Amino acid sequence: MEKTNQKTLEEIIRVDHAGERGAIKIYEGQLLALKTIKKDDSLKDKIEEMKEHEKEHLEYFEKEIQKRKIKPTYLLPLWDIMGVTLGFGTALLGKKAAMLCTASVEEVIEDHYKNQLKKLGNDEMVLKAKIEKFKNDEVGHKNIAYESGATNVGLYSIMDKVIKTGSRIAITISEKI
């Protein structure tokens, strides 16, 4: 593919901006629960480290939105509330649920980034390289989550499906509006 379609490019940057911000909000919700109700310093440290990666990703997409004059999704305030709520709720359920939240979201994002890389043309090599790096970071987060006790066995399989479906819906909506 030679050149990236402008509409596709706008959708990619808009949704990635929303997604990285959403990831930070999920982690903020988890950290709020872990600092107040469900004290777990080990889990808190892991989540804070992953949140730092997401901040780097968000900063990149915020600059792209400004530089390219792309409107962010109108639903950022809703995604913020839902992200914090999801994070807080999963952390309250315990370490397995909190880590499953990360694993489920990151699995969706990994596929999402792979699809975006196929859509980007040779005119967007810098953006492609960033998305590739961010995809690798997200795979790292997924692996940390599974190593830290995430499971999608039993009742957790329902949570896994709900989180993945919600993530896919948010992606589809955020691309468009």
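Structure values in brief
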{"item": "Odd one out for residue 143 among (1) within 20 Å of residue 43 (Cβ to Cβ); (2) polar (S, T, N, Q); (3) part of a helix (DSSP H, G or I); (4) touching a residue at least 12 places away in the same chain (Cβ under 8 Å)", "result": "(4)"}
{"item": "Residues that are hydrophobic (A, V, I, L, M, F, W, C) and either touching an Asp or Glu at 6+ places or on another chain (Cβ under 9 Å) or surrounded by 14 or more Cβ atoms within 10 Å (Cβ to Cβ) (or both), drawn from region 118-136", "result": "120, 127, 131, 134"}
{"item": "Count - residues of region 16-31 that are over 10 Å from the mean Cα position of the chain (by Cα), surrounded by fewer than 24 Cβ atoms within 10 Å (Cβ to Cβ) and within 19 Å of residue 76 (Cβ to Cβ)", "result": "1"}
{"item": "Total residues in region 45-55, condition without any contact (Cβ under 8 Å) to a residue 24 or more places away in the chain and within 22 Å of residue 79 (Cα to Cα)", "result": "3"}
{"item": "Region 157-177, residues that are surrounded by 17 or more Cβ atoms within 10 Å (Cβ to Cβ) and not hydrophobic (A, V, I, L, M, F, W, C)", "result": "160, 164, 167, 174, 175"}
{"item": "Which listed residue is out of contact with any Gly (no Cβ under 9 Å at 6 or more places or on another chain), at pLDDT below 95 and over 23 Å from residue 107 (Cβ atoms), from 63, 46, 35, 3", "result": "35"}
{"item": "Subset of region 33-87 (residues that are closer than 15 Å to residue 174 by Cβ, surrounded by 19 or more Cβ atoms within 10 Å (Cβ to Cβ) and touching a Ser or Thr at 6+ places or on another chain (Cβ under 7 Å))", "result": "73"}
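The values are calculated or read from the model by the stated rules, or taken from the named source; none is laboratory data. All of these numbers come straight from a predicted model, not from anything done at the bench. Here the Cβ is made from the backbone with ideal geometry for all residues, glycine too, and neighbour counts use every protein chain on show.
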